[in-house]
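See below for the structure under consideration.
The values are calculated or read from the model by the stated rules, or taken from the named source; none is laboratory data. Please read all numbers here as calculations on a predicted model, not as lab measurements. All Cβ positions, even for glycine, are placed from backbone atoms using ideal geometry, and neighbour counts span all protein chains on display. Remember, those area values only see protein heavy atoms, side chains included, never the ligands or the DNA or RNA. Shrake-Rupley method; radii C 1.70, N 1.55, O 1.52, S 1.80 Å.
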Amino acid sequence: MRRFLLSNIVPIIFLIFSAAAIPLSGLTPAYLAQEMVSRAGRNTFLVLSLLVPVMAGMGLNFGMVLGAMAGQIGLILAVDWGVAGIPGLLVAALIGTPLSIALGFLCGAVMNRARGREMVTSYILGFFVNGVYQFVVLYCMGSVLPLGDPELLLSRGYGVRNTMALPGLRRALDDLLTLDLGGIVVPVATFALTFAFCFLLVWFGRSKIGQDMRAVGKDMAVADGAGIPVARTRILAIIVSTLLACYGQIIFLQNIGTINTYSSHEQTGIFAIAALLIGGATVAKAGIANAFVGVLLFHLMFVISPLAGKNLIGDAQLGEYFRVFVSYGIIAVTLLLHAWRRRSDAEARRRAESDAEHVEGGAAS
Amino acid sequence: MNVRTRRTALRAALCVALVAFGVWLAFIGKRHTIIFDNQELSRQGAVFPAVKGARVTVGGTVVEVDTEDRGATEVVGMNHRIVFEICDERGSVVRKIDVPLRLRFEKTVILSLPLLAKGAQDPFLQE
């Protein structure tokens, strides 16, 4: 019981906060349930895409934002070509796939040169590729890369508009198959896709490549000694994560219905990582349950904090500040704990090695 | 054929198949706007007057177009069937014309109802 509480302290704290804040927010259970179902549907895929790099010992993939950008480029082109519905989403995914693979390869290769500092490397790489993305979307599209629909372009004639609607793509997946449960509309197709992805993840974890990734995540030197191509496996983990983030971003944006061309992707990584950590995951260990629990708790805070703050303190903004402080503070604390644990593990190993040397020296004399 | 060559050929074939799949998706999912033009026009010396009581059904959507006006609807995909009905003042269908429509790259198609009512071979207009 004590171990369970300690290992799940973060979701428990969030649960207590939420339980206290829900009555203060004044929101009805039906509204909250509908919001949670909708948010879980659109965000869970993105959070699940983080699990593969954690399996491979590469920590939290802040570089998933690269996949999000690839997905957005796919959606921009799908809208420009006027493709609607599920075919439109599939076209966006097909366009985003090679881009995600290329960006994932780049991210993985860079991370391999920064072993031990993967998270901050991927974070900064995300900023760099964001610059490239903005150059492509703000300057190249409409000029060097012609777009057929002038309504997508800025008034100067090139560059995509700041906000783009997704005509024909809005809720294309969500509305494909819905279920009304007592007034709560559940996007069955979206959840079916997410659950199928969960099964795929379980299968992947048990496959040879999944086992290789676990071995690499446990100990790179031992994995290398066992003949596992460590560098290639790590790159593959990042490629898979980036690709899944691309598809996750497409699912996210089809639910929202609009793209904020220059900012939709920016918060993707931070929100997904915050959700995963809030679900009880750590930098070294994360599971499917952490993803689902984390999405629910994180987005519950999202919905109730402003209203709870407004009703309690009289200022909705304070409630929002509180949510931001707690949510991102969790990331900071988790990363600190991870660094502290790594250092103490390294010290314990050093102590054990020096003790072993003393014993051998004593035995020899 | 050695393993490497076969692997490369399979991967190339897979890429080609994916591109072909994407092109097929773009065709079956493409949105088209069909504009129904009910304005009087002249073509090759003949005058085609606007049609009173024009009602068009395509893809389950019914569009009623007044004389000297236009109506529009959006459809998705390549193959459609346009049902053009001419109604009297009471709303009863006096005449019904079935027009198959095959679309490809066009974003917008303008169909002239007066031309259609007179049985013209090519009832489409260019903007």
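If you look at the Cα atoms of region A:29-133, you get an Rg and a Dmax of 16.0, 50 Å. Label-to-label distance for A:ALA284 and A:VAL188 is 4.4 nm, based on points extended 7 Å past Cα in the beta-carbon direction.
Distance distribution P(r), region B:19-127, all Cα-Cα pairs, bin width 10 angstrom from 0: 14, 45, 28, 10, 3, 0 percent. A Förster distance of 56 Å, applied to the separation of the beta-carbon atoms of B:ASP98 and A:VAL324, puts the FRET efficiency at 0.40. Rounded, prolate or oblate: which fits region A:94-208, taking a ≥ b ≥ c as square roots of the Cα gyration tensor eigenvalues, rounded meaning a/c under 1.5, else prolate when a/b beats b/c? Since a/c reaches 1.5 but b/c is at least a/b, the shape of region A:94-208 is classed as oblate. When the surface is traced with a 1.4 Å probe over the full set of protein chains, A:PHE292 keeps roughly 50 Å² accessible. Per-atom-type breakdown for chain B gives carbon and sulfur 53% of the accessible area (1.4 Å probe, protein chains only). Farthest towards the positive end of the charge dipole of the protein assembly as shown, among the residues A:GLY85, A:ALA215, A:ALA284, is the Cα of A:ALA215, using unit charges on the Cβ of Lys, Arg, Asp and Glu.
Sites listed here are GluC sites (Glu not before Pro) in region B:42-81 whose DSSP assignment is loop and whose Cβ has at most 16 other Cβ atoms within 10 Å: B:GLU68. Computed over protein heavy atoms with a 1.4 Å probe, the carbon and sulfur contribution to the accessible area of region A:149-189 reaches 55%. For chain A, return all DSSP H helices satisfying: extent of Cα atoms along own axis at least 30 Å; mean Kyte-Doolittle hydropathy at least 0.0. Flagged H segments are A:85-112, A:230-256, A:288-313.
The residues packed around A:VAL303, meaning those with a beta-carbon under 14 Å from its beta-carbon, carry a net charge of +2 if Lys and Arg are +1 and Asp and Glu are -1.
For region A:203-348, the calculated P(r) over all alpha carbon pairs, in 10 Å bins from 0 to the bin holding the longest distance, is 10, 27, 35, 19, 8, 2, 0 percent.
Largest accessible area first, the residues A:TYR321, A:TYR328 order themselves as A:TYR321, A:TYR328 under a 1.4 Å probe with ligands, DNA and RNA left out.
Placing unit charges on the Cβ atoms only, positive for Lys and Arg and negative for Asp and Glu, gives the protein assembly as shown a dipole magnitude near 1520 debye about its Cα centre.
Report the net charge of residues surrounding B:PRO49, where surrounding means a beta-carbon distance below 11 angstrom and charges are Lys +1, Arg +1, Asp -1, Glu -1.
Local net charge: 0.
In this label model, A:GLN267 and B:GLU106 are separated by 4.4 nm, measuring between points 7 Å along each Cα→Cβ vector.
Per-residue SASA remark: A:MET36, around 20 Å² accessible (1.4 Å probe; ligands, DNA and RNA not included).
When accessible surface is computed with a 1.4 Å probe, chains A and B are found to bury approximately 800 Å² between them, both chains counted. For region A:154-265, taking Cα atoms only, Rg and Dmax work out to 19.8, 59 Å respectively. Modelled this way, with points 7 Å down the Cα-to-C-beta line, the labels at A:LEU200 and A:ASP355 are 4.7 nm from one another. Estimated at the nearest 10 Å², the accessible area of B:VAL93 is 70 Å² with a 1.4 Å probe. Mind giving me the FRET efficiency for A:ASN8 and A:ALA30? R0 is 25 Å, r the Cβ-Cβ distance, nearest 0.05 is fine. According to the calculation, E is roughly 0.30. The portion of the accessible surface of region A:253-325 made up by carbon and sulfur, rounded to a whole percent, is 65 (1.4 Å probe; DNA, RNA and ligands excluded). Taking all protein chains into account, the per residue accessible area for region A:92-231 stands at 55 Å² (1.4 Å probe).
Remark: the Cα gyration tensor places chain A in the oblate category, a/c being 1.5 or greater and a/b not exceeding b/c. What is region B:81-127 by shape, rounded, prolate or oblate, if you read a ≥ b ≥ c off the alpha carbon gyration tensor as root eigenvalues and call it rounded for a/c under 1.5, prolate for a/b larger than b/c, and oblate otherwise? The shape class here is prolate.
Name the residues of region A:89-108, by number, that are at least 40 Å² less accessible with every protein chain in place than in the isolated chain; the surface is that of heavy atoms, probe 1.4 Å, without ligands or nucleic acids. Going by heavy-atom accessible area, the residues of region A:89-108 that drop by at least 40 Å² are A:LEU94. When only the Cβ of Lys, Arg, Asp and Glu is charged (+1, +1, -1, -1), the dipole of chain B relative to its Cα centre reaches about 1240 debye. Normalised by residue count, region A:257-317 yields a Cα convex hull volume of 121 Å³ per residue. Computed from Cα positions, the angle between helix B:3-29 and the longest principal axis of chain B comes to roughly 10 degrees. Ligands, DNA and RNA are left out, and with a 1.4 angstrom probe the accessible area of region B:1-124 is 63 Å² per residue.
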